[in-house]
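Beneath this line is the structure, given in structure tokens, with notes to follow.
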Amino acid sequence: MSTAIKPTKASASLTQTTNEAARRSLPQFLQARSGKMTRELLLSPGQHGLGMTPASLVADTTTTAVCGYCSTGCGLRLHVLDGEAVGLTPETNYPVNLGMACPKGWEALRVLESDDRARVPKVRRADGQMDSVSWDDALNLFTDRFKAIQAEHGNDSVAFLSTGQIPSEEMAFLGALAKFGMNIKHGDGNTRQCMATAVAAYKESFGFDAPPFTYDDFEQSDCLVFIGANPCIGHPILWERVLRNKNNPEIIVIDPRRTETAMSATEHLQLSPKSDLALLYSITHCLIEGGFVDQTFVEAHTDGFEALRSHVSRFDAETVAASSGISAEQIRRVAAKIGKGDAVSLWWTMGVNQSYEGTRTAQAIINIALITGNIGRPGTGANSITGQCNAMGSRLWSNTTNLFGHHKFENADDRSKVAEALQISVDTIPTEGSWSYDQIMEGIRAGEIKGLWIIATNPAHSWSNQEDARELLDQLDFLVVQDMYDSTETAHHADLILPAAAWGEKEGTFINSERRYGLLKKVRKAPGEALADFQIFRAIAHYWGVGEMFKQWTHPEAVFRIMQRASAGSPCDITGITGYEQIDRSGGVQWPWSAADAENCGDVDPPVQRRLFSDGEFCHPNGKARLIVDEITPPPEAPDAEYPTMLLTGRGTVSQWHTQTRTSKSPVLRKLYPNHSYIEIHPDDATTIGVANGDRVRVTSRRGSILVDAMITPTIRTGQAFMPMHYATTNQLTLSHFDPHSRQPSYKNSAVRIEKA
Ligand SMILES: Nc1nc2c(c(=O)[nH]1)N[C@H]1C(S)=C(S)[C@@H](COP(=O)(O)OP(=O)(O)OC[C@H]3O[C@@H](n4cnc5c(=O)[nH]c(N)nc54)[C@H](O)[C@@H]3O)O[C@H]1N2
Ligand SMILES: Nc1nc2c(c(=O)[nH]1)N[C@H]1C(S)=C(S)[C@@H](COP(=O)(O)OP(=O)(O)OC[C@H]3O[C@@H](n4cnc5c(=O)[nH]c(N)nc54)[C@H](O)[C@@H]3O)O[C@H]1N2
Ligand code: SF4
Ligand SMILES: [Mo]
């Protein structure tokens, strides 16, 4: 919370209304546990925060909050007039962005105002039209339908799909409510599409899902390697941090496309798609042959070096040159640059994670950092950059595939610890983890999943093999979509739409890529009767009849306290954080920050930049990191005579966010990206097909066929094509195929045919 407390008259009155409404309704709400919450109680004016918004947040004339789009987690300063944020500027004092923001951040308030904001709950009639209904009716329907499905088909026939885009406290509430309160076993998130590979890789290699870096490392490295990452577009402010690096660093980019990032590189390895694993093994082999191994570090802190050495010896530069399209000379040169660097950092994102052998590829990156001793020091690390504003929160707190705070459902001690932290009976905690996203989709096909609750994700656009995905959504007996807009592709399939408040209209914490908890604040009223997801979960708990279980979950900071208890003694321990006020005052707090850390520090605020593993102690029982290698596997759908082109997909511009529910609502952002879907093709391929720039082309895969504009560019190789994921047509083409360890979709390799339309 900001320190300047001079409420304007108008903002003070809004604050009063909020608190008054909260005072009036909260005790009644808690007392009325056995009965139903009334419409009046839920929806009394100004009461959207349900007592969740501290006075200083709405009373201040400016206040700060972290951005709600990407995982960079920039600090934004919000300018408040009459109790409502009316403008924003990037925050200069925030350690992440240092006064910078990308266009999405600048336009964050504008997209809250759109006409298609979900304002009231809506129910689908028999004729397919949607009727507006009261919250009371909506919540009764939610409860009755899901309970009926569970009664008829078993508890596991209802599942949920959530997100990396709501605060940690809301994720925690959803996870606890669904799994402990509603007896739902299967729930996963869109983080499966995004970060599952990094999670699987880190867990096996380090013993914990622990991205080790801090953003300062971008400025401290003398050699940065980006693998399958295009930060110029996906993480522009982090790229700005690279540009501030004073060491005149080597920048090595491994990407099949000559991206904006690759154009700024000192070395671009424009490899054949999906040949990363062989290439990384070859670089590892060259490092070993070149005498660049940090033997002392390897012996003291890793397991598996001999097996690694013998495995990679099969990947000599000449052999790999033939398969990867990179010359042996360049492979050796890049290995030498990595080997000679004093502070080498390796960064990866979706070019690695979204691959059928992504986990092993990520581990090959981790191996390189480990054997060269590039970990735990400034400017080093094997660093997965996260995607969404709170993907890191989802990894820790969504209670989907891991039990709360990265514990294990299968482990009795973990279950007891979490039960104690939450003050619930241990018997309510499932003894096994969830199906993954794709298994939930297959569960629908098999008739095992009959009811689905989707929160803050848009699978009818973003999931692979889209036509099939949409048919699966229609097979459900009951589909609930909880979103800030009621116009999303997924909402079109919903039986019930629950209107949610958005970023800026509620509070909680996001965790950014460098493990930093940042604070999100309520600076606007949600439109119509939309409620914060937190409040929706609270109301559902009440209607479901498990309000008693959540009686302590009154507001986000109360849930943060519960999360702190659950984190005690783990690598992500946050018991030393004094509260939201400290997170706000000190520029965010990176995990871990245990009570012991705070005490050792003399109770001053935590240091602003902290990295993991500076003592060489990893999270496996013996304290060592594991060097993991595997066989190379063939691509699931290699181009052939019928479908000769390899389609890559990814981010298109800085101004587009995913399925565009938000960014398409800003007139400014709309001017900054192409309004029609397009496909990037090489000039030679364009000549072969007979198309000019801007011509319509038909793109066909084994899943579907679409019409898009041709964008002719030499940045893509012949035989390959690229489409941004932001247009709904793209995923009509993509293949459903998954990394076997992480079950993350392999979105970046589908064979297609391109013809003149
Ligand atoms: N503007 C904007 N920023 C975003 C987002 C957004 O939608 N819009 N989304 C956010 C999210 S959730 C995420 S996950 C991140 C994603 O951020 P990035 O991972 O940087 O984005 P992508 O474009 O999906 O993929 C990165 C690169 O992988 C390359 N690639 C494809 N196949 C291969 C391969 O086989 N090997 C290698 N080495 N590279 C390959 C692609 O050519 C692409 O340039 O961005 C975040 N930031
Ligand atoms: N072909 C292809 N497909 C891809 C990818 C790719 O590279 N290629 N990338 C994948 C990746 S990495 C990701 S992360 C996914 C993203 O895929 P999605 O998660 O489907 O994309 P978003 O558009 O971010 O969807 C978020 C939804 O949440 C809503 N929302 C926003 N804030 C709130 C809130 O506070 N509360 C509620 N209840 N709703 C809210 C938005 O309106 C939107 O409908 O796409 C994946 N799909
Ligand atoms: S870089 Fe990411 S966090 Fe920063 S302003 Fe842009 S979208 Fe927001
Ligand atoms: Mo993502």
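Listed values, structure above:
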| quantity | calculated |
| --- | --- |
| Flag if THR62 is more than 28 Å from the chain's Cα centre (by Cα) and either over 23 Å from PHE537 (Cβ atoms) or at pLDDT below 95 (or both) | yes |
| Complete set of residues in the stretch 409-453 that are surrounded by 14 or more Cβ atoms within 10 Å (Cβ to Cβ) and among the basic types (Lys, Arg) | ARG415, LYS417, LYS450 |
| Residues (more than 21 Å from ILE632 (Cβ to Cβ) and hydrophobic (A, V, I, L, M, F, W, C)) located in the stretch 316-337 | ALA336 |
| Lone qualifier among GLY154, GLY68, GLY105, GLY75 - being touching an Asp or Glu at 6+ places or on another chain (Cβ under 8 Å), modelled with pLDDT of 95 or more and either buried (at least 24 other Cβ atoms within 10 Å of the Cβ) or outside the structural domain of ASN245 (by TED's automatic domain parsing) (or both) | GLY75 |
| Residues that are β-branched (Val, Ile, Thr) and surrounded by fewer than 19 Cβ atoms within 10 Å (Cβ to Cβ), drawn from the stretch 110-151 | VAL123, VAL133, THR143 |
| The stretch 632-661 residues that are farther than 30 Å from ALA491 by Cα, paired with ones that are buried (at least 21 other Cβ atoms within 10 Å of the Cβ) and of a type in the set (Lys, Arg) (beta carbon under 7 Å, 6 or more apart) | PRO635/LYS274 |
| Filtered residues of the stretch 284-340 (kept if in a loop (DSSP other than H, G, I, E, B) and charged (D, E, K, R)) | ASP294, ARG314, ASP316 |
| Any hit, the stretch 669-676, residues being at pLDDT 95 or above, closer than 30 Å to TYR202 by Cα and surrounded by 15 or more Cβ atoms within 10 Å (Cβ to Cβ) | no |
| Wholly enclosed strands (runs of 3 or more DSSP E) of the stretch 100-205 bearing at least 2 residues within 25 Å of the chain's Cα centre (by Cα) | 158-162, 186-189 |
| Residue in the stretch 380-394 that is more than 30 Å from PRO556 (Cβ to Cβ), more than 16 Å from ligand 2 (Cβ to nearest atom) and not in a strand (DSSP E or B) present | yes |
| Pairs where the first residue, in the stretch 193-206, is within 16 Å of ligand 2 (Cβ to nearest atom) and the second is of a type in the set (Asp, Glu), C-beta under 7 Å, 6+ apart | THR197/ASP739; VAL199/ASP209 |
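The values are calculated or read from the model by the stated rules, or taken from the named source; none is laboratory data. Since this is a predicted model, take the numbers as computed values, not measurements. Note that we place each Cβ from the backbone using ideal geometry, even for glycine, and neighbour counts take in every protein chain shown.
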